[in-house]
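Have a look at the structure below before the remarks.
Values in this text are rule-based calculations from the coordinates and carry no lab data. Every value quoted in this text rests on a predicted model; they were computed, and no experiment measured them. We place every Cβ from the backbone using ideal geometry, glycine too, and count neighbours over all the protein chains shown.
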Amino acid sequence: MKSIRLLLTCLAIALAPLGALAATPSEQNEKLLAATDPYEGLTESAIEGDAAKVAKGLKAAKSAAAATRTLLSPNAAGRFDTLLAETTSAQAKSDMVAVALASAELYKLLVTACDPAALAVPAEVNLLDYVGFRSTALLKAAKPDWSALAATAQEGNALWTKIRVRVTDQKLQSGMDQALAGLTSATAKQDAVLAATSAKQNLDLVDELEHFFAKK
């Protein structure tokens, strides 16, 4: 996913008119999506339990935080500050689950700040990525919060419903149907193995969804 975002960002910069005084909605979206990369990386590193990568990633995220805040509304910027503080606190306590969950929320915050009308790839695709991240992180806890997992699965189903009809690749459509059905069933049965498998399938298919919409 990062490689596609980087390519789109480079294209936006190359095509931007010289002397432009303000970013277009598309350019603003590209900046916001590029700003998600540190938080996607932090989430992945925390899920893997790699403390060194988390420390390095958080340092990079904090160095870019001031610039990222300028892309957000005042309310969203306040939420950004709170979540970044939570991530920092969790990292200091070596609580990798909390780091992953807070980082995933930062990722979601930046995605939802995008102008949906100016996105080539629907925001729902990146938000399905969030669903996979959050589900995987919740499952890393010693005692998974099944209520939170069920709510996350429900959120994933709602997101998928909004874009499912636009996915004309039947294999891809069926795969995401299966992943979300598996996650929903797993939370009802409190089946950690099925939940983890379904969350991974969701994450894998998000990459395919992004390619599908990017080439349309």
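The table for this structure:
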quantity	calculated
Segment 155-216 and segment 114-135: distance between their alpha carbon centers, rounded to Å	13
Cβ crowding within 10 Å averaged over residues, with 208-214, 150-156 ranked highest first	150-156, 208-214
Ranked by how many other beta carbons lie within 10 Å on average, peptides 43-52, 104-113 from highest	104-113, 43-52
Among Gln201, Ala102, Ala90 - extreme Cα towards positive end, dipole of the chain, charges at beta-carbon	Ala90
Whole-Hz ³J(HN,Hα) from phi, Karplus 6.51 cos²θ - 1.76 cosθ + 1.60, for segment 54-66, glycine and proline x	4, 4, 5, x, 5, 4, 5, 5, 5, 5, 9, 4, 4
Shape category assigned to the chain from the gyration tensor of Cα positions, a/c cut at 1.5	oblate
Debye, to nearest 20: dipole size of segment 140-216, +1 on Lys, Arg Cβ, -1 on Asp, Glu Cβ	100
Most to least packed among 176-182, 28-34 [average Cβ atoms within 10 Å]	28-34, 176-182
Given Lys162/Lys200; Lys56/Lys143; Lys62/Lys93; Lys56/Lys93, the pairs whose alpha carbons are separated by over 19 Å	Lys162/Lys200; Lys56/Lys143
Segment Leu172-Ala52, length gained on full extension (0.36 nm per residue, minus Cα span)	39.7 nm
Computed over the chain: relative contact order in percent, which uses C-alpha pairs under 8 Å that are six or more apart	19
Student exercise, the chain dipole from Lys, Arg, Asp, Glu Cβ charges, in Debye to nearest 20	140
Calculated FRET efficiency for the pair Ala150/Lys216, C-beta based, R₀ 45 Å, to 0.05	0.85
Computed magnitude of the charge dipole of segment 57-117 (debye, nearest 20; Cβ of K, R +1, Cβ of D, E -1)	140
